[in-house]
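Quick notes on the structure that follows.
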Amino acid sequence: DTGVSQDPRHKITKRGQNVTFRCDPISEHNRLYWYRQTLGQGPEFLTYFQNEAQLEKSRLLSDRFSAERPKGSFSTLEIQRTEQGDSAMYLCASSLGRWQLLTDTQYFGPGTRLTVL
Amino acid sequence: AQSVTQLDSHVSVSEGTPVLLRCNYSSSYSPSLFWYVQHPNKGLQLLLKYTSAATLVKGINGFEAEFKKSETSFHLTKPSAHMSDAAEYFCVTTMTTDSWGKLQFGAGTQVVVTP
């Protein structure tokens, strides 16, 4: 399977703990996005990487959240001091990053479902 | 700012009957519009996309959508529903001047298909 993969698929943690999620994009995809989806809502943009550079962060991404993409390959999303409001599905997507196209097609991973108790 | 509104949160159809999922958009610029489908425990999958070429866009699995600027709509249709079409569907937009390509999703329409 050469699609976007995410690990873990499910994470249950206690309030105040730190958690880290990993996303492996499709090989050779330059762009990588993180989104958050809460129950009954559509996904919301969190942050975006072009290769290893983090180019934009949503206001949803508080200072407890940090994302990295070392060497422009996989990405990690860390949440420090988790709160119950952080419970959601965290989705990763990647795209080729062709600047000539109006928009790339974003391919999504299966997501990591976080439950904060 | 660009946004999309999905007019129905739930749609129930009988197998073999047409499906219509309604989406209106709001944008100051020429929008790019998409429909994604999300099956339980699976990732979001692109059904089709409109990027200012043909106004009638054909997608996978027999779905199509028509961009109507006068009505600011991008409704998704399928002539005959299958049981496998039961899923959540998202209308999505991104502003074409936004080179980052970040997507803005509607709230979703849950589709139930009955035998």
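The values are calculated or read from the model by the stated rules, or taken from the named source; none is laboratory data. Being a predicted model, the structure only gives us computed values, none of them experimental. FYI the Cβ positions are ideal-geometry reconstructions off the backbone, even for glycines, and counts take in every protein chain you see. Heavy atoms of the whole protein, side chains included, go into the accessibility calculation; ligands, DNA and RNA do not. Shrake-Rupley method; radii C 1.70, N 1.55, O 1.52, S 1.80 Å.
Here is a yes/no grid of residues against (1) farther than 19 Å from A:Y107 by Cα; (2) open to solvent by less than 30 Å² (accessible area, probe 1.4 Å):
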position	(1), (2)
A:L32	no, yes
A:Q37	no, yes
A:Y48	no, yes
A:S58	yes, yes
A:S62	yes, no
A:S75	no, yes
A:S87	yes, no
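Every residue, every condition in (1) away from chain B (no Cβ under 13 Å); (2) under 16 Å from B:L103 (Cα atoms); (3) small (G, A, S), yes or no:
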position	(1), (2), (3)
A:R22	yes, no, no
A:F45	no, yes, no
A:Y48	no, yes, no
A:G72	yes, no, yes
A:E78	yes, no, no
A:E83	yes, no, no
A:G97	no, yes, yes
A:G109	no, yes, yes
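Scan segment A:50-67 for residues that are facing chain B (nearest Cβ under 9 Å), more than 28 Å from B:Q6 (Cβ to Cβ) and free of Cβ contacts under 8 Å to residues at least 12 places away in the same chain and report the count.
At the first step, the residues of segment A:50-67 found to be facing chain B (nearest Cβ under 9 Å) are A:50, A:55-56, A:58.
Of the ones still in play, those that are also more than 28 Å from B:Q6 (Cβ to Cβ) are A:50, A:55.
Right, trim to free of Cβ contacts under 8 Å to residues at least 12 places away in the same chain and you get A:55.
The qualifying residues number 1.
Take A:S75 and decide whether it is over 25 Å from B:Q6 (Cβ atoms) and without any contact (Cβ under 8 Å) to a residue 12 or more places away in the chain.
On the way: over 25 Å from B:Q6 (Cβ atoms): yes; without any contact (Cβ under 8 Å) to a residue 12 or more places away in the chain: no.
Taking the combined requirement at face value, the residue does not satisfy it.
Against the definition (within 12 Å of chain B (Cβ to nearest Cβ) and among the aliphatic types (A, V, I, L, M)), how does A:A93 come out, yes or no? Show your work before the answer.
Details: within 12 Å of chain B (Cβ to nearest Cβ): yes; among the aliphatic types (A, V, I, L, M): yes.
So A:A93 passes the test.
Every residue in segment A:18-33 that is of a type in the set (A, V, I, L, M, F, W, C) and outside any loop (DSSP other than H, G, I, E, B), please.
Here is the first cut: in segment A:18-33, the residues of a type in the set (A, V, I, L, M, F, W, C) are A:19, A:21, A:23, A:26, A:32.
Matches in segment A:18-33: A:V19, A:F21, A:C23, A:L32.
Identify all residues within segment B:78-105 that are within 14 Å of chain A (Cβ to nearest Cβ) and at pLDDT 95 or above; write none if there are none.
Step one: list which residues in segment B:78-105 are within 14 Å of chain A (Cβ to nearest Cβ), which gives B:87-105.
Within segment B:78-105, B:A87, B:E88, B:Y89, B:F90, B:C91 qualify.
If we keep just the residues of segment A:1-30 that are of a type in the set (D, E, K, R) and touching a Ser or Thr at 6+ places or on another chain (Cβ under 9 Å), which is most open to solvent (accessible area, probe 1.4 Å)? Steps first, answer last, please.
First, the residues of segment A:1-30 that are of a type in the set (D, E, K, R): A:1, A:7, A:9, A:11, A:14-15, A:22, A:24, A:28.
From what's left, touching a Ser or Thr at 6+ places or on another chain (Cβ under 9 Å): A:7, A:9, A:11, A:14-15, A:22, A:24.
Working: A:D7: 98, A:R9: 99, A:K11: 77, A:K14: 144, A:R15: 165, A:R22: 92, A:D24: 48 Å².
Per the criteria, the residue is A:R15.
The conditions are (1) closer than 28 Å to A:D7 by Cα; (2) open to solvent by 10 Å² or more (accessible area, probe 1.4 Å); (3) among the polar types (S, T, N, Q); (4) at pLDDT 95 or above, and B:T109 fails exactly one of them. Which is it?
(2)
Return only the number of the condition from (1) open to solvent by 20 Å² or more (accessible area, probe 1.4 Å); (2) in a strand (DSSP E or B) that A:L114 does not satisfy.
Condition not satisfied by A:L114: (1).
Residues to consider are A:R15, A:R36; find the one that is in contact with a strand residue (DSSP E or B) (Cβ under 7 Å, 6 or more places away or on another chain) and outside any loop (DSSP other than H, G, I, E, B). So that I can check it myself, show each step before the final result.
On the way: A:R15 fails: outside any loop (DSSP other than H, G, I, E, B).
Only one candidate passes the filter, namely A:R36.
Consider only pairs whose beta carbons are under 7 Å apart and that are at least six residues apart or on different chains; among these, list those whose first residue lies in segment B:48-73 and is open to solvent by 60 Å² or more (accessible area, probe 1.4 Å) and whose second residue is of a type in the set (G, A, S).
From residues that are open to solvent by 60 Å² or more (accessible area, probe 1.4 Å), the pairs are B:K49/B:S32; B:S52/B:S30.
Scan segment A:95-116 and give yes if some residue there is under 14 Å from the mean Cα position of the chain (by Cα) and among the charged types (D, E, K, R), otherwise no.
Yes.
Of these, B:S27, B:S32, which one is surrounded by 18 or more Cβ atoms within 10 Å (Cβ to Cβ), under 14 Å from B:T93 (Cα atoms), more than 10 Å from every other protein chain (Cβ to nearest Cβ) and modelled with pLDDT under 90?
Details: B:S32 fails: more than 10 Å from every other protein chain (Cβ to nearest Cβ).
Of B:S27, B:S32, the one residue that is surrounded by 18 or more Cβ atoms within 10 Å (Cβ to Cβ), under 14 Å from B:T93 (Cα atoms), more than 10 Å from every other protein chain (Cβ to nearest Cβ) and modelled with pLDDT under 90 is B:S27.
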